[in-house]
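Below: the structure, in structure tokens.
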Amino acid sequence: MAKKEIIERILIPEKELMKRVEELGEEISRDFEGQEVLLVGLLKGSVIFLADLARKVTIPCMLDFMSVTSYGNDIESSGEVRFLKDLDSDINGKNVIIVEDIIDTGLTLREVLKVLKARNPKTLKVCTLLNKVDRRLVDVNVDYNGFNIPDAFVVGYGLDYAQKYRNLNYIGILKLVED
Ligand code: XMP
Ligand code: MG
């Protein structure tokens, strides 16, 4: 039988997202006071978060983007990462903060960190909106963490299912049900 997807419930409403994003922006601005930061968004899931976060950062801030994809289906990542788009800028000597929508197994981030570290940034930090801590397979250090969430498939505020739902202004739990 065909399946269709529904938003089972709202996990994080817009107001909570906005409050936490503002706090993260303030934290970053405090940590790098008197310096510049380069926010590196991982396309496409991080764009909504990054757009809001950047406007809460009060120190000089630059933006760049990378696109990586993990082989696998819509729900599970396989651990093998393919790089689709590299950064436009040289990160040598810069304060780089990778901005992620969600860290699940940590496999994607581990590969991205390896590649960026080799380019000798001054500092390399990780900022994620969501963190599925129970699903972690590899240890990655998260410097700025929005929310720890349970092991459920979530969409909204940049996160998608089959490219849909990125435009929701909340994080919702998606469920597949019989049509
Ligand atoms: P890993 O396992 O490498 O995966 O940490 C990170 C990437 O997996 C995707 N992902 C999700 N996407 N809802 C989504 O829309 C989810 O609940 C979810 N869990 C993992 C996402 O692309 C993330 O960058
Ligand atoms: Mg992603």
* Asked: Does region 75-84 include one or more residues that are open to solvent by less than 60 Å² (accessible area, probe 1.4 Å) and not in a strand (DSSP E or B)?
  -> no
* Structure fact -> If we ask which residues in region 95-113 are within 16 Å of D160 (Cα to Cα) and open to solvent by less than 10 Å² (accessible area, probe 1.4 Å), their number turns out to be 1
* In region 125-170, the residues that are of a type in the set (A, V, I, L, M, F, W, C), more than 9 Å from ligand 1 (Cβ to nearest atom), touching a Gly at 6+ places or on another chain (Cβ under 7 Å) and more than 26 Å from N95 (Cβ to Cβ) -> L168
* Asked: Within the set of pairs 6+ apart or on separate chains, which have a first residue in region 1-15 that is among the basic types (K, R), a second that is assigned to a loop (DSSP other than H, G, I, E, B) and open to solvent by 60 Å² or more (accessible area, probe 1.4 Å), and C-beta atoms under 9 Å apart?
  -> K3/D179; K4/D179
* To do: Report, by residue number, each residue of region 141-161 that is away from ligand 2 (no atom under 14 Å from the Cβ), open to solvent by less than 50 Å² (accessible area, probe 1.4 Å) and more than 18 Å from L24 (Cα to Cα).
  => A152
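The values are calculated or read from the model by the stated rules, or taken from the named source; none is laboratory data. What you are looking at is a predicted structure, and each value in this text was computed from that prediction instead of being measured. Note that we place each Cβ from the backbone using ideal geometry, even for glycine, and neighbour counts take in every protein chain shown. The protein model used for the area step is the full one, side chains on, heavy atoms only, and it has no ligands, DNA or RNA in it. Shrake-Rupley method; radii C 1.70, N 1.55, O 1.52, S 1.80 Å.
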